[in-house]
Structures are given as structure tokens and as C-alpha cells.
Amino acid sequence: MATYTLGIFRLSFAGWGPTEIRLLLAVGNLALWFNPAARVLGSPYRVLDVGGVIATLGMLFMLVVSAIQHTKTLYRQETLR
């Protein structure tokens, strides 16, 4: 939808493209291989649970930032009478 309305197609966000995300996932898999548990604030959790929460928060952040940027761009392009 952003590509249609703004005319710009972006596959990356804040310098993180598909290759960087794949490398991050590879590092996460290695961490999971060696230690499947993680301690957060003294409580034990599974690495994938912690990673899922972090990924969800990251995607929520990207949604909010993109929505604000696109709204500002569309507002500037709109002609006011």
C-alpha cells in the first residue's frame, strides 16, 4: 500500500535489509543450539520466547515509525485549499 500511495518500494528499514536479518537469525540459531534457555531479570525463559517478544516489539516499532513517516509525506504532498 505504501508503494502504491508513495511510489517508493523499500525492502529494508533503518539499514536492516534481508541479508542482515538472515545473519541475525543465524546468530540466534547458534545461540539456541548452545544454550536453549535465557535469563531475563533473573527468571528463566526459552530463547525463542524471548526472541519472539523482541521481534514483536521491533515490528511494532517499525509500524509506528513507518506510519508516522508516511503520514508526514502524504500530508506534505496534499494540496490544501
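The values are calculated or read from the model by the stated rules, or taken from the named source; none is laboratory data. The structure presented is a predicted model; accordingly, all values stated were derived computationally and were not measured. Note that we place each Cβ from the backbone using ideal geometry, even for glycine, and neighbour counts take in every protein chain shown.
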Among all residue pairs at least 6 apart or on different chains, which show Cβ distances below 7 Å where the first residue, located in segment 69-80, is touching a residue at least 12 places away in the same chain (Cβ under 8 Å) and the second is surrounded by 10 or more Cβ atoms within 10 Å (Cβ to Cβ) and part of a helix (DSSP H, G or I)? His70/Ala2; His70/Leu6; Thr73/Leu6; Leu74/Thr5
Name the single residue, out of those in segment 44-60 being within 20 Å of Leu11 (Cα to Cα) and not hydrophobic (A, V, I, L, M, F, W, C), that is surrounded by the most Cβ atoms within 10 Å (Cβ to Cβ). Gly58
Just to be sure, is Ala67 of a type outside the set (Phe, Trp, Tyr), touching a Pro at 6+ places or on another chain (Cβ under 6 Å) and on the phi < 0 side of the Ramachandran plot? no
Candidates Gly58, Gly51, Gly17, Gly42, filtered to the one that is at positive phi and either of a type outside the set (Val, Ile, Thr) or free of Cβ contacts under 8 Å to residues at least 24 places away in the same chain (or both): Gly42
Candidates Leu80, Leu63, Leu41, filtered to the one that is out of contact with any Ser or Thr (no Cβ under 6 Å at 6 or more places or on another chain) and either surrounded by 10 or more Cβ atoms within 10 Å (Cβ to Cβ) or not hydrophobic (A, V, I, L, M, F, W, C) (or both): Leu63
Taking into account only those residues within segment 1-51 that are among the β-branched types (Val, Ile, Thr) and more than 17 Å from the chain's Cα centre (by Cα), which is modelled with the highest pLDDT? Val40
